[in-house]
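Visitor: Can you keep this structure in mind? I'll have questions shortly.
The values are calculated or read from the model by the stated rules, or taken from the named source; none is laboratory data. Since this is a predicted model, take the numbers as computed values, not measurements. Cβ: placed from backbone, ideal geometry, glycine included. Neighbour counts: every protein chain shown.
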Amino acid sequence: MQKWVKLLFISSMILILLGFFIWNKLFNPNLYAASSLLEIVEYWSPVIYQSAEGMEDYITNFDFDNNYIANDNWEDWECYPRLAYVYYSIIESTNYYFINYNFFHPRDPGNPAYGNAYAHENDFEGCRFVIEKDGSQWGKLL
């Protein structure tokens, strides 16, 4: 009789755990989403195609010239290698991920059609993705 009690107890525990898993999967689909925010950022990261007027307009990191002095980038852009670099941030709410991807250009030569009248240093541009948590691993782009 004692074996039946143990078997009944173990079977009950398995059914309770299975029921808990099914309940959470049905009523809380975001519980089993991607394992890290970095994975979400990497999955949704954009592929960059850029029309550049010159190498100074390539995307790179803000301190490409090994300093955080912003007003010397005009002169320094030729002196240092510029590696492609993307800044990002992610904010998670109950139902959404908000991902910002930002790109720094040390120098924007402006538009030749306007005589480069809009040339400037320290160009920082970006895009924002809103991802709905739809129960899948990566969510859905809105």
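Visitor: Looking at residue 24 and the list (1) at pLDDT below 75; (2) in a loop (DSSP other than H, G, I, E, B); (3) not hydrophobic (A, V, I, L, M, F, W, C), which single condition is not satisfied?
Guide: (2)
Visitor: How many residues are loosely packed, with under 13 Cβ neighbours inside 10 Å and either in contact with a strand residue (DSSP E or B) (Cβ under 8 Å, 6 or more places away or on another chain) or at pLDDT below 85 (or both) if we restrict to region 90-104?
Guide: Within region 90-104, residues that are loosely packed, with under 13 Cβ neighbours inside 10 Å and either in contact with a strand residue (DSSP E or B) (Cβ under 8 Å, 6 or more places away or on another chain) or at pLDDT below 85 (or both) number 2.
Visitor: Pull up region 121-142, narrow it to residues that are touching a strand residue (DSSP E or B) at 6+ places or on another chain (Cβ under 7 Å) and either assigned to a helix (DSSP H, G or I) or small (Gly, Ala, Ser) (or both), then point me to the one that is nearest to residue 78 (Cα to Cα).
Guide: Within region 121-142, the match that is nearest to residue 78 (Cα to Cα) is 126.
Visitor: If you go through region 53-71 one residue at a time, do you hit one that is surrounded by fewer than 12 Cβ atoms within 10 Å (Cβ to Cβ), aromatic (Phe, Trp, Tyr), at pLDDT 85 or above and assigned by TED's automatic domain parsing to the domain that holds residue 114?
Guide: yes
Visitor: Please pick out the residue among 88, 68, 80, 118 that is among the aromatic types (Phe, Trp, Tyr) and either closer than 18 Å to residue 44 by Cβ or part of a strand (DSSP E or B) (or both).
Guide: 88
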